[in-house]
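Inspection log for the structure reproduced underneath, given as structure tokens.
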Amino acid sequence: MTVTSVHDPSHREALWELEDAFERGDLISVFGRCTVSYEGRAASDLGLGDRLLVLKPDGAALVHTDEGRQPVNWQPPGSEHRAAVREGRLRVRSTRSNPDETLTVRFDRVHQLSAMAVTGGRDLTLHGSEEDLRTRILERPELVEPGFEPRETERPSSAGPMDVFGVDADGTPVVVELKRRRVGPDAVGQLARYVRAFREELGAEADGREGDGDAEGDDTDGPRVRGVLVAPSVTDRAAERLSDRGFDHVALEPTPER
């Protein structure tokens, strides 16, 4: 296996290496100080920081920080990678047309760039975990509902990290809570806290009430944010709570039935 690796390249040197790697169909990693922006059915921005960008030959693009297992931003397989030097910075873009989305990473400085040919596929398969459930949804978003578009995993909020955050076919924000087993009302309360936290993030005024976020009716004010609980099944009381709040339940096992 041939591996190309350059340390502290200039932007122009990094561009040349990227163009060659795109042509070869290599797996590419770029570590450096950068900003990240996404434009499409939603929008997001990350300020300047040291991050790892992974570009896969199938079109997937992943942006990692020093925290968590999941990328903070990403593009799915089928996207197209391009690079250029603009205004004294290395710009790497991953785009797709259906839907129209662009992930742009602008590097102030590239610390390390590596490119390599990787083959062999995925040998490790896990079963029965919430990670399996997340993987199923990221690979097949229509399992949540037709038109659902996952945008982030482990998205930070004042109530804690959201399992999956995305938008529906109408562009409405959707918070998805994942559970691998049958759940009760507590799971609905947890989902409600994430939904309320995101509404407040969008600028909704806090209603000033104290509690665990499971009081009836405290998720009806402010910008519309949908909540979806993904679990194999829920108790009758949990189903009532979901209905009261206008949340949805998607019955889904961590792994497909064989």
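The values are calculated or read from the model by the stated rules, or taken from the named source; none is laboratory data. All values reported here derive from a predicted model rather than from experimental measurement. For neighbour counting, all protein chains shown are included, and Cβ atoms are generated from backbone atoms with ideal geometry for every residue, glycine included. For the accessible areas, the whole protein counts, side chains as well, though only heavy atoms, and no ligand, DNA or RNA atoms are used. Shrake-Rupley method; radii C 1.70, N 1.55, O 1.52, S 1.80 Å.
Here are the numbers for this structure:
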| item | result |
| --- | --- |
| Of the criteria (1) buried (at least 18 other Cβ atoms within 10 Å of the Cβ); (2) without any contact (Cβ under 8 Å) to a residue 60 or more places away in the chain; (3) closer than 12 Å to residue 33 by Cα, which one residue 94 fails | (3) |
| Cross-chain or 6+ apart pairs with Cβ under 6 Å, the range 38-56 first and over 16 Å from residue 70 (Cα atoms), then outside any loop (DSSP other than H, G, I, E, B) and among the acidic types (Asp, Glu) | 40/101; 41/149 |
| Test: residue 218 is surrounded by 12 or more Cβ atoms within 10 Å (Cβ to Cβ) and either at pLDDT 95 or above or among the acidic types (Asp, Glu) (or both) | yes |
| The range 176-202 - residue that is within 17 Å of residue 165 (Cβ to Cβ) and either polar (S, T, N, Q) or in a loop (DSSP other than H, G, I, E, B) (or both) and, of those, modelled with the lowest pLDDT | 202 |
| Residue within the range 98-120 that is more than 18 Å from residue 28 (Cα to Cα), surrounded by fewer than 17 Cβ atoms within 10 Å (Cβ to Cβ) and of a type in the set (Gly, Ala, Ser) present | no |
| Near pairs, Cβ below 7 angstrom, 6+ apart or cross-chain, from the range 158-174 (free of Cβ contacts under 8 Å to residues at least 40 places away in the same chain) to any residue that is open to solvent by 30 Å² or more (accessible area, probe 1.4 Å) and part of a loop (DSSP other than H, G, I, E, B) | 169/146; 169/147 |
| Counted residues, the range 19-64 - those being open to solvent by 10 Å² or more (accessible area, probe 1.4 Å) and among the β-branched types (Val, Ile, Thr) | 2 |
| Test result for residue 14, touching a residue at least 24 places away in the same chain (Cβ under 8 Å), closer than 24 Å to residue 98 by Cβ and surrounded by 12 or more Cβ atoms within 10 Å (Cβ to Cβ) | no |
| Residue within the range 127-143 that is surrounded by 19 or more Cβ atoms within 10 Å (Cβ to Cβ), among the small types (Gly, Ala, Ser) and either over 23 Å from residue 79 (Cα atoms) or at pLDDT 90 or above (or both) present | no |
